[in-house]
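The values are calculated or read from the model by the stated rules, or taken from the named source; none is laboratory data. Here the structure is a predicted model, which means the values were calculated and not measured. Here the Cβ is made from the backbone with ideal geometry for all residues, glycine too, and neighbour counts use every protein chain on show. When the accessible area is computed, the model is the full protein with side chains, heavy atoms only, and any ligands, DNA or RNA have been set aside. Shrake-Rupley method; radii C 1.70, N 1.55, O 1.52, S 1.80 Å.
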Amino acid sequence: MSRATICLCLVLIASLAAGVAGPADAQEPEQQPLPVPPGDGVWRFDFCHPESPAGEGFYRVLPDTAYDAERGYGYTEGGPRPTPFDQNRRVIRDVLVLDDVTRDGIYGGAPFRVDLPDGRYRVVVLTGQYSRPGANRPDSHFREYQIAASDQVLYEQGDSPEEFFDPEGRYFANYSRDWHPDVNLYRANIARWIPYGEAEVEVAGGALEVTASRYAPINALWVFPADSEAGDAALAEFRAHQEEVFNRQYPWLAEEPQRKTPELPAAMAEAGVAVWVRQTADDLRPSTRPIAHDFGRPLRLFASPGEREPGVIAVLPLRDIAGTVDLVAGDLRGEAGATIPGEAFDVRYVRYGEYPVTGGYQVRPHFLVPWRPDRLEAGLTRGFWVDLFTPEDARPGFYQGALTLTGPGFELEVPIEVRILPLELPMCRLYAGVYAGDLSGTTFRHYRTMQQLPQDMVWQVLRTRMQFMADQGFTGLFDSMGWFPFEFGADGQIVTTETWEYWLKVFETAASIPEFSERIFPYYIGGPQMFPKVEGFLSRSAISKMEIDEITFSDDAIEGMCRLTAFLYEQIRTRDLPELVFYVQDELGNDGARGARYGRELLKAINVCRERVPGGFRTCISTLRASIAREYLDEADIVMPNAAFPVTAETIAELREHGCTLGLYNMGATRFSYGFYPWRVDAINRAQWSFSYDGDSRDPFISLPSGARVSCDCHYTPDWEVLPSIGMLSQREGVDDYRYVQLLEETLERAEARGRGDTDAAREARQALQELRDAVAVDYRDPANNWDRSTMDYWRWRMARAAMELQEQLQ
C-alpha cells in the first residue's frame with residue numbers, strides 16, 4: 001500500500017470516527033441539570049437533535065421534551081410531531097462544523113411553553129438550517145414559515161420565487177461581495193441562512209407560548225425581561241461565540257509574495273499602484289507579483305471577426321485604496337480611419353473566493369463579475385478580465401488603443417495592440433459544450449418540488465444561457481432533462497406530462513440557435529428520465545442486490561421502452577427539432593461489474609428500440625473505466641471516456657475496433673482538452689461538468705465550507721445574465737483553437753479541389769497540420785500535453801498564418 005493510500009485511509013477513518021461530531025466546545029449529551037428558573041433570569045433553550053449535545057448553559061430541548069409544570073417548560077400536548085435535524089458533519093468535500101447551539105434544531109411541533117411571571121419580555125429565536133447532505137435545499141431556505149411568541153411574530157418568511165431570487169434576497173446576497181482579509185466568514189456565508197428574529201412580548205397568565213409552523217426550524221430561544229442587561233449580555237456573548245467557533249476553523253493562510261516587486265515606473269510609483277499584463281487569470285493570487293519586463297508591455301491580441309479573445313490585467317496596490325477602482329477600454333484605431341469601439345470590450349473584475357484547505361482557507365479566482373471593487377488593500381494583487389468581442393464587420397489590420405485604470409488619486413494606462421485577421425472562422429464541427437444542468441433540477445430545483453416552478457423566469461434563463469453558450473462558440477448542448485416526460489394512461493396509450501413541456505422548450509430553443517439546431521446530447525435520458533414508468537423496467541439502483549446474470553431486461557420492459565422511444569422521436573421529427581442523440585447512462589464504472597452488465601443489457605434493449613424507430617437514432621454513453629466499458633462496447637455507439645478511463649492510443653483503438661465513435665467528457669476544464677486534443681484524436685464531442693448541486697443548494701457564489709469545485713461552471717447575475725467562470729471561458733478558447741485548425745483543413749480541401757494543392761502555401765498548410773499532429777500526444781495524460789497559453793497561442797497562430805497564406809493564393 002502506497003503512502004498516499006495510507007494517508008487517504010487515515011483521513012477516511014478520522015472522518016468516520018468524527019461522524020457528526022461538533023467542534024472543540026462540544027460536550028456529551030448527558031448534562032448536569034440547570035437550575036429552574038435560571039439564576040440570572042435569562043432562559044436559554046437549545047433545541048437539539050437527540051444525538052447532539054446542548055450548548056453550555058442552555059436547557060436541552062428534544063422533540064419529546066413534553067411540558068412539565070415542575071420543570072417549567074416543554075412542548076404542550078397536541079399538534080404535529082416535531083422533526084429534529086443536525087447539520088454538522090465531517091465527510092470528504094462536505095464539511096460543516098457549527099457551534100453546539102447553531103448546529104441543530106427542531107422543525108415545527110406543538111406550541112412550546114415557558115412558565116414566566118407576568119411582565120414584558122424580550123424573546124429571541126435563532127432559526128434556520130444552512131445545508132443538508134445531498135442535492136436538495138433545506139426547507140427553511142425557501143418554504144413559507146412563521147415563528148411567533150404569543151401574538152407577536154418573531155420571524156416570518158415567504159415562499160415565492162420572487163422573494164427568494166430578489167436581488168437583495170438570500171440567493172444573491174453574496175453575488176456582489178468582494179473578498180477582503182477582514183471578512184467575517186460566519187456572517188458572510190452562514191448567518192443569513194440561520195437568522196435571528198425577535199420581539200417584545202407581554203406575558204399574562206404566567207406562561208409564554210412559542211409556536212412554529214411546519215417548516216419553521218427553531219435552533220435556540222432566549223427569553224428574558226425586556227430591560228435585562230444580563231439578557232443583552234448573554235445574547236451578545238453567544239453571537240460572538242457563534243462566529244468565533246466557525247471563523248477559527250478558517251484563518252486566511254496568506255501566501256508569501258511570489259517575488260520582490262521590482263522598481264516601478266514613475267507614474268505607477270506616484271500613483272502607488274502597479275498594473276501589468278498577465279497571460280492567465282486562473283493562477284492569479286494576492287501574492288502574484290510582476291517582473292520588471294511586465295511594465296509598459298502592451299496587451300497584444302489577434303482575432304478574427306466575430307471571435308472573442310481575452311486578456312488579463314493585474315493590479316497591485318502599494319497602499320490601501322478606499323473607493324471604486326475601474327478599468328475602461330478606449331476606442332481602438334487602425335489604418336485608413338478604421339476603428340473598433342471601446343464598447344467591444346467586456347471588462348470584468350476577477351472575483352476572489354474563499355476556498356477551504358488544510359488549516360484554514362486560501363483565496364482563488366473563479367467568477368468574472370461585471371461590478372467593480374470599492375476598496376483594495378496594499379500588497380494584495382487583484383485582476384481584471386478583458387474580453388474583446390470582435391465586431392463581425394471589423395476591418396482586417398492592426399489597431400492600437402489603451403485601457404485606463406482609474407481610482408482615487410490615480411489614472412494609469414495600459415496600451416493595447418490588436419490584429420484583426422482576414423479570416424472567417426467556421427462553426428466548430430466538434431460538438432463541444434458543458435453539462436449546464438437542468439434548470440428545474442438545479443437553480444430552481446426546490447420550486448419544482450413545490451409545483452411552483454417560476455416558468456417565465458426559467459424560460460428567460462434557459463434562453464439566455466443557451467444563447468450565451470452559442471455566442472462563445474460552443475456547439476454541443478448537454479443539458480440535463482427532467483424525469484418522466486411520458487407515461488402510460490389507463491388505456492395503455494402514451495400521454496405527455498408537464499415535464500415534456502420543459503423538454504419541448506429546450507428542444508425548440510435549441511432549434512432557434514444555429515449552433516445547436518442540428519444535433520443535441522441531453523444528459524442522460526436513458527436512466528431515470530425516460531423509462532422508470534415502464535412496467536418491469538430495471539433501474540440502476542436495483543442492481544446492487546442482484547446477481548450479475550439476473551441483470552436483464554424482460555421482453556415486456558423492452559416493448560414498453562420501444563414504444564416510449566418511438567413516441568419521443570416521432571414528436572421530435574414531426575416538429576423538425578434538432579436530432580436527439582440518446583444519452584444512455586453515465587459512469588457505470590461506479591457500480592463495478594454489475595454496472596458493466598447493466599450497461600450491456602440496457603444498450604441491447606435500446607438497440608432494439610433503434611431498430612423499431614424509423615430512421616434509427618444515435619446513442620452515447622459516458623464511462624470512467626476501460627475494464628467496465630469492455631463489456632458493453634459491442635453494443636455501444638458513441639462512447640465518451642474521461643481522463644481516468646484512461647484515454648490512450650490503445651484504448652481509443654479498442655473503442656474503434658468495436659465500431660464505436662470516440663467522444664470525450666470530464667477531461668478537465670482546460671483549453672487544451674477542448675481544442676487541440678479532441679482534434680488530434682478525432683473526437684465527435686467534448687463535454688465537461690459545469691455545475692454542482694452543492695453550489696445551487698446553498699449559495700452559488702461561495703466555496704466555504706464544503707469546498708465546492710473551482711471548475712467551469714456558470715451562474716447568474718441578479719438580472720439573470722450569465723456569470724461566467726474562468727474555466728468556462730478557457731474552454732471557449734479551446735473551441736476557438738479547434739476552429740482555427742478546422743479552418744485550415746477546410747481551406748486546404750478547397751485548394752486541392754481547385755487543383756491548387758501543390759502550391760507553396762498548400763505544402764506549408766500540410767506541414768503545419770502534421771507538425772501539430774506530432775506535437776499532441778494521443779495519450780491524454782502524457783506530460784508532453786501540459787501546454788501553457790503561449791504554446792497554444794503559438795499553434796493557433798501557425799494555423800491562422802497558414803490559412804491566410806493559402807486563402808490569399810485561392811483569391
Item checked: strands (runs of 3 or more DSSP E) enclosed by the range 404-515 - at least 2 residues per element that are open to solvent by less than 10 Å² (accessible area, probe 1.4 Å) and touching a residue at least 12 places away in the same chain (Cβ under 8 Å) -> 410-420
Notebook entry, point to check: So which of Leu126, Leu98 is closer than 13 Å to Glu198 by Cα, open to solvent by less than 10 Å² (accessible area, probe 1.4 Å) and not charged (D, E, K, R)?
Noted result: Leu126
Next item on the list: For the range 427-465, enumerate the residues that are under 23 Å from Met667 (Cβ atoms) and either at pLDDT 95 or above or basic (Lys, Arg) (or both).
Entry: Met427, Cys428, Arg429, Leu430, Tyr431, Ala432, Arg465
Margin query: Being open to solvent by less than 30 Å² (accessible area, probe 1.4 Å), in contact (Cβ under 8 Å) with a residue 24 or more places away in the chain and more than 30 Å from the chain's Cα centre (by Cα) is true for just one of Phe531, Phe567, Phe537, Phe553. Which residue is that?
Written below: Phe553
Note to self: Can you report the number of residues in the range 572-594 which are more than 27 Å from the chain's Cα centre (by Cα) and touching a residue at least 24 places away in the same chain (Cβ under 8 Å)?
What the structure shows: 9
Item checked: Number of the exception - Glu244 against (1) in a helix (DSSP H, G or I); (2) acidic (Asp, Glu); (3) touching a residue at least 12 places away in the same chain (Cβ under 8 Å) -> (3)
Next item on the list: Determine which single condition Thr324 fails, assuming it passes every other condition in (1) assigned to a loop (DSSP other than H, G, I, E, B); (2) more than 15 Å from Trp179 (Cα to Cα); (3) polar (S, T, N, Q).
Entry: (2)
Check: Within the range 782-803, is there a residue that is assigned to a loop (DSSP other than H, G, I, E, B), aromatic (Phe, Trp, Tyr), crowded, with 21+ Cβ neighbours inside 10 Å and on the phi < 0 side of the Ramachandran plot?
Finding: no
Note to self: Among the residues of the range 153-185, what is the count of those that are hydroxyl-bearing (Ser, Thr, Tyr) and within 25 Å of Ala212 (Cα to Cα)?
What the structure shows: 3
Margin query: When the residues of the range 385-403 are narrowed to those that are in a loop (DSSP other than H, G, I, E, B) and open to solvent by 20 Å² or more (accessible area, probe 1.4 Å), which ends up farthest from Pro341 (Cα to Cα)?
Written below: Pro396
Check: Counting only residues that are β-branched (Val, Ile, Thr) and within 19 Å of Gly663 (Cα to Cα), how many does the range 427-475 have?
Finding: 2
Margin query: For the range 260-296: of the residues being within 17 Å of Gly383 (Cβ to Cβ) and without any contact (Cβ under 8 Å) to a residue 40 or more places away in the chain, which is surrounded by the most Cβ atoms within 10 Å (Cβ to Cβ)?
Written below: Pro290
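Select, from Arg137, Arg177, the only residue that is in contact (Cβ under 8 Å) with a residue 40 or more places away in the chain, under 27 Å from the mean Cα position of the chain (by Cα), surrounded by 20 or more Cβ atoms within 10 Å (Cβ to Cβ) and assigned to a loop (DSSP other than H, G, I, E, B).
Details: Arg177 fails: surrounded by 20 or more Cβ atoms within 10 Å (Cβ to Cβ).
Unique residue meeting the criteria: Arg137.
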Next item on the list: Output the residues belonging to the range 720-772 that are in contact (Cβ under 8 Å) with a residue 60 or more places away in the chain and surrounded by fewer than 17 Cβ atoms within 10 Å (Cβ to Cβ).
Entry: Trp720, Glu721, Glu746, Arg750
Checklist line | Candidate set: the range 212-243, residues that are among the acidic types (Asp, Glu) and exposed (fewer than 13 other Cβ atoms within 10 Å of the Cβ); chosen: the one nearest to Trp179 (Cα to Cα) | finding: Glu237
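Kindly evaluate Arg750 against the criterion of being among the charged types (D, E, K, R) and in contact with a Lys or Arg (Cβ under 8 Å, 6 or more places away or on another chain).
no
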Margin query: Can you confirm whether Pro53 is open to solvent by 20 Å² or more (accessible area, probe 1.4 Å), more than 20 Å from Ala199 (Cα to Cα) and either in contact (Cβ under 8 Å) with a residue 24 or more places away in the chain or assigned to a strand (DSSP E or B) (or both)?
Written below: no
Check: Is it the case that Arg671 is basic (Lys, Arg) and either under 24 Å from the mean Cα position of the chain (by Cα) or crowded, with 16+ Cβ neighbours inside 10 Å (or both)?
Finding: yes
